[in-house]
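Below: one structure, written as structure tokens.
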Ligand code: V47
Ligand code: SF4
């Protein structure tokens with residue numbers, strides 16, 4: 001029978017936790033503060049006292065989506081007046097705004113539009129990269145890549161190679177949701193399944209792209225589904241080492257088909273961050289996405305396993321459509337202050353975790369941030 005004391009000694013000796021250990025960490029008999037303190041040991045072993053942030057912006061070129069994930073408040077039907085599709089001019093304006101505001105990264109994801117050909121998605125990367133070559137384009141989740149394979153009939157490798165040639169810099173971690181089919185078949189039955197999602201990230205890593213990974217929790221899944229998900233991510237990371245950051249995403253129910261479910265409590269958010277830090281012993285960074293957690297919980301999470309707070313985040317829609325009450329943007333000073341208030345040292349990073357040094361409106365990426373994973 002697993003005990004917390006056994007788990008603590010494993011972690012302190014640098015041993016890997018098993019599926020059953022992970023499950024035990026979700027049981028109410030494990031004290032949250034003790035769990036957080038253990039996750040904090042690992043967090044500080046890997047990232048010291050640093051807490052990373054970046055200066056970034058989001059672009060969601062369309063919200064029209066052929067899929068109907070039941071947790072999603074962002075999507076729109078083709079004929080719904082809420083539906084939008086951005087023009088090339090609007091997209092380039094967003095690029096100009098990002099560069100003017102000192103952004104180093106643009107995070108691009110959106111719906112799978114019923115009518116738009118694959119060239120439209122590729123062209124977004126191409127025109128932004130041509131106009132703003134220093135802006136890192138972290139774009140298209142595995143779900144979108146899977147859709148591009150469907151539209152072109154090309155293998156995953158060719159789709160990613162073409163996107164790289166257009167200027168793709170890395171891939172965000174969205175679309176992972178919960179891998180286990182008992183949950184996935186209910187919440188997003190049509191989209192890329194677990195093996196597709198994993199194969200796409202494996203191929204991206206083989207082609208030299210880094211990517212992130214996520215888990216959407218706090219809806220219909222149980223602890224065993226969450227641990228299964230984390231173990232699957234850990235296995236791929238053992239193979240490729242290509243994941244940079246894990247982002248646990250708390251479900252926001254407003255305006256979704258699951259609006260009868262209460263959003264997870266802050267205590268659940270903290271527990272999930274800590275369990276993730278302990279299970280994912282081979283992923284360097286854990287992100288407390290402040291937009292989704294709220295600022296207070298994100299600050300506290302910096303002592304429960306998290307070492308990254310994402311960025312200034314302009315134009316976020318996915319969480320705000322689903323009822324997030326956080327501001328739509330934070331200034332760089334706000335971000336730095338919230339990190340300092342949490343007792344950590346703020347470090348601006350670029351998407352690939354190089355330290356960013358600024359001099360007025362100029363910026364340079366310098367050495368990789370120190371990581372002990
Ligand atoms: O895949 C959608 C989630 C994801 C809701 O890679 C929802 O750096 C909660 O992946 N409540 C997209 N979650 C966002 C994402 C992300 C965010 C920040 C940084 C990075 C990164 C990636 O958002 C989707 C889905 O899991 N999502 N609707 C909702 N109502
Ligand atoms: Fe479409 Fe993504 Fe929303 Fe699913 S989560 S309905 S794929 S926009």
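Things worth noting here:
- Additional length obtainable on full extension of the chain from residue 119 to residue 341, 0.36 nm per residue less Cα span: 75.3 nm
- Compactness index (Cα Rg / 2.2 N^0.38 Å), the stretch 234-359: 1.10
- Among 1, 273, 116, 279, the ranking by other beta carbons within 10 Å of each residue's beta carbon, starting with the fewest, stands as 1, 116, 279, 273.
- Beta bridges per DSSP, both residues in the stretch 4-368: antiparallel share near 20 percent.
- Taken along the Cα-to-beta-carbon direction at a fixed 7 Å, the label points for residue 16 and residue 97 span 4.5 nm.
- Residue among 332, 275, 231 with the largest mean-square fluctuation in a Gaussian network model of the chain, springs linking Cα atoms under 10 Å: 332
- GNM remark for the chain: springs join alpha carbons under 10 Å apart, and the peak mean-square fluctuation among 131, 250, 274 falls on 131.
- Helix 32-47 and the long axis of the chain differ in direction by around 60°, with both axes built from C-alpha atoms.
- Tilt relative to the chain, helix 156-166 - C-alpha long axis, 0 to 90 degrees, to 10: 60
- Computed [θ] at 222 nm, deg cm²/dmol, the chain (DSSP H ≥ 4; -39,500 (n - 2.57); rounded to nearest 500): -12500 deg cm²/dmol
- Segment residue 206..residue 334, full-extension length gain: 42.3 nm, with 0.36 nm per residue of separation and the alpha-carbon distance subtracted.
- Taking 0.36 nm per residue of sequence separation and removing the Cα-Cα distance, the residue 67/residue 165 pair yields an extension gain of 32.5 nm.
- Residue list for the stretch 320-358, given a label point 7 angstrom along the Cα-to-Cβ vector of residue 49 and an amide N cut-off under 18 Å: 336-348
- Result for the chain in a Gaussian network model with C-alpha springs under 10 Å: among 300, 142, 288, the largest mean-square fluctuation is at 300.
- Between helix 332-341 and the chain: long-axis angle, C-alpha atoms, 0 to 90°, nearest 10: 10
- 38 Å tail of the calculated P(r), the chain, as % of Cα pairs: 12
- Cβ crowding within 10 Å ranks 75, 210 as 210, 75, fewest other Cβ atoms first.
- Note on residue 235 and residue 262: their simple-model spin labels are 3.5 nm apart, each label 7 Å out from Cα toward Cβ.
- Ranking of 79, 232, 287 by neighbouring Cβ atoms within 10 Å, starting from the fewest: 79, 232, 287.
- Applying 1/(1 + (r/R0)^6) with R0 = 35 Å to the Cβ-Cβ distance of residue 182 and residue 8 gives a FRET efficiency near 0.70.
Taken together, the values in this text are just the output of simple stated rules run on the coordinates, not laboratory data. Quantities reported herein were computed from a predicted structural model and do not represent experimental measurements. Neighbour counts are summed over all protein chains in view; Cβ atoms, including those assigned to glycine, are modelled from backbone coordinates with ideal geometry.
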